[in-house]
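Asks: Below: one structure in structure tokens.
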Amino acid sequence: MSFQKLDDLGRRLEALEHALAILGADEATHMAVGGGDKRAEAMSNLAGMYHAQATAPEIRDWIEAAKASELTPDQALAVAEFERSYVNATCLPTEFVERRTATTMRSEQLWRDLRAKGDWDSFLPALEGVVALAREEAQLRADALGLAPYDALMDQFDPGNRTADIDGVFADLKSFLKGFVPEALAVQEERRAKTPRKDLNGPYPIEKQRELGLAAMRAVGFDFTHGSLAVSHHPFCGGVPTDVRMTTRYRTDQFLPSLMGVLHETGHALYEQGLPKEWSHWPLGKARGMGLHESQSLFVEMQLSRSPEFWEFMLPLVHQHLGEDAIPGWDIADILNEVNHVERGYIRVDADEVTYPLHVILRYELEQELIAGTLEASQIPEAWDAKMTEYLGISTINNPKDGPMQDVHWPAGSFGYFPSYTLGAMIAAQQWAAMERALPNATDMVRQGDFSAINQWRADNIWREASRLSTPDLITKATGEPLNADHFKAHLKRRYGRI
């Protein structure tokens, strides 16, 4: 009876999640300009209803009674996830949540205005307030979860991740990349001497780009009976598993940014569409954290879509949808020149897969110090510059706009999120290595545009597991070993190094 109450609660919460997700996706894509105020009011009320139902005091009694009753193995796991969700939802006092919301909203609004001006001094007081709240939140969560403060923040994004495990993996990867980036750049110059970069021959009409994107989505396995593609200012994958709302944006002078963005978001969508439908109303049936989610999008974008085998299949589709004269004289080497370009740069979101992890590791190291109190917000520019200079050989000391002001995460109070990006890239490479052992002809399948067996492997080993296991345990079960930087390093060497 107690489990039935939790089951019923899950269905009520799922209905509210569904409404909020679809309203949010619609707001970003189709809502009329004048609809914003009422949409915000509607979503605020729904969010309040969700929070009230998810944190009701009687839920604790239902959980304890369910734990003492006879349960199937899946029900027992479901109760454990209900409990994890409940503890995380109730460990922050209402007064703190209200204070944090007001502070981070003000900080983010200031950031939007001051980032463009690179005005660090004016932004600093707001950031100091956010950092103080982040430290407070970390301690509140640590006390409730029995974890170290920064681990408690990471656990919100990737349950089971701990600095004790990640520090060594990231240190190994950082050491490798500091030596490998110069090698990759040198190899790139040698290849460019033989195959110089060519100019894209736009314009590329948006409708033709859209048809190309839809064809790519269909090819890699997107289910259009449970999802769609629209346009937004920033690409995202939202909605719900039965109605995934994917978006992209277009430039008429280039087609690759939109196409690669579509493929990345399709990776997210495939994960959502592959989750077990019978558990969709339980926390157990949700995707297992941001690192796993990012691994699924990067698997499609990096392991598949930036490979020569993928372009053997994809290049004819480009000509079919954009026209034979879209990229005259281009072959696969020219495409790879473009999609696998490596460059030392300031901006994380624009970085290639070789340099990107160094941007993330820098932030991971700094935010641990911020939460621990060994680094103050006022010291960030110098600390940031020192790591950028050491890791990538470029200085940001007089450029806060392209340095510590570039990301929204810290202004918005999202500490513990950054590791997920690089963990996702590493997990994706490790999944590919494990999948190749199970499917030795996987590269031939990619060359032929047949992704069915590849997706079946991911469904069996990742998607259908949903949240049955912690992030580290799921990696180990799916790939046969704990997270191992060697697979990502081997992937980068094959693609960008001297073989």
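Asks: Which of the residues spanning segment 27-48 are surrounded by 15 or more Cβ atoms within 10 Å (Cβ to Cβ) and in contact (Cβ under 8 Å) with a residue 24 or more places away in the chain?
Replies: Correct list: A28, T29, L46.
Asks: Taking helices (runs of 4 or more DSSP H) that do not extend beyond segment 1-111, which have at least 3 residues that are closer than 30 Å to T247 by Cα and at pLDDT 95 or above?
Replies: Ranges flagged: 2-29.
Asks: In segment 320-368, which residues are within 25 Å of G179 (Cα to Cα) and among the acidic types (D, E)?
Replies: Selection gives E338, E343, D350, D352, E353, E365, E367.
Asks: Only one of these is under 13 Å from Y391 (Cα atoms) and in a helix (DSSP H, G or I): L214, L173. Name it. Break it down into steps so the answer makes sense when it comes.
Replies: Working: L214 fails: under 13 Å from Y391 (Cα atoms).
Testing whether each residue is under 13 Å from Y391 (Cα atoms) and in a helix (DSSP H, G or I) leaves just L173.
Asks: Identify the residue in segment 341-383 that is assigned to a loop (DSSP other than H, G, I, E, B) and among the aliphatic types (A, V, I, L, M) and, among all such residues, is nearest to F123 (Cα to Cα).
Replies: Checking each candidate, the answer is L375.
Quick grid of which residues meet (1) part of a helix (DSSP H, G or I); (2) surrounded by fewer than 19 Cβ atoms within 10 Å (Cβ to Cβ); (3) not polar (S, T, N, Q):
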| residue | (1), (2), (3) |
| --- | --- |
| V131 | yes, no, yes |
| L147 | no, yes, yes |
| N161 | no, no, no |
| V181 | yes, no, yes |
| A186 | yes, yes, yes |
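Asks: Taking I361, is it in the same structural domain as W457 (by TED's automatic domain parsing), closer than 30 Å to Q156 by Cα and β-branched (V, I, T)? I'd like the intermediate steps shown before the answer.
Replies: On the way: in the same structural domain as W457 (by TED's automatic domain parsing): yes; closer than 30 Å to Q156 by Cα: yes; β-branched (V, I, T): yes.
Answer is yes for this residue.
Asks: State whether the residues of segment 57-80 include one that is surrounded by 12 or more Cβ atoms within 10 Å (Cβ to Cβ) and within 27 Å of A412 (Cα to Cα).
Replies: Checking segment 57-80: not a single residue is surrounded by 12 or more Cβ atoms within 10 Å (Cβ to Cβ) and within 27 Å of A412 (Cα to Cα).
Asks: Name the residue, out of H234, H264, that is assigned to a loop (DSSP other than H, G, I, E, B) and not basic (K, R).
Replies: H234
Asks: Kindly provide the set of residues from segment 415-440 that are more than 24 Å from V354 (Cα to Cα) and either modelled with pLDDT under 95 or assigned to a helix (DSSP H, G or I) (or both), ordered by number. Write out each step before concluding.
Replies: Taking segment 415-440 and keeping what is more than 24 Å from V354 (Cα to Cα), we get 437-440.
Matches in segment 415-440: R437, A438.
Asks: Please work out which residue is farthest from the chain's Cα centre (by Cα), limiting yourself to segment 473-487 and to residues that are surrounded by 17 or more Cβ atoms within 10 Å (Cβ to Cβ) and among the β-branched types (V, I, T).
Replies: T479
Asks: If the requirement is being part of a helix (DSSP H, G or I), under 30 Å from I63 (Cβ atoms) and either in contact (Cβ under 8 Å) with a residue 12 or more places away in the chain or acidic (D, E) (or both), which of these qualifies: E278, E309, E301, E338?
Replies: Answer to the check: E278.
The values are calculated or read from the model by the stated rules, or taken from the named source; none is laboratory data. Note that the coordinates shown come from a computational prediction; the quantities given were computed from them, not determined experimentally. Heads up, the Cβs are rebuilt from the backbone with ideal geometry, glycines too, and the neighbour counts pull from every protein chain shown.
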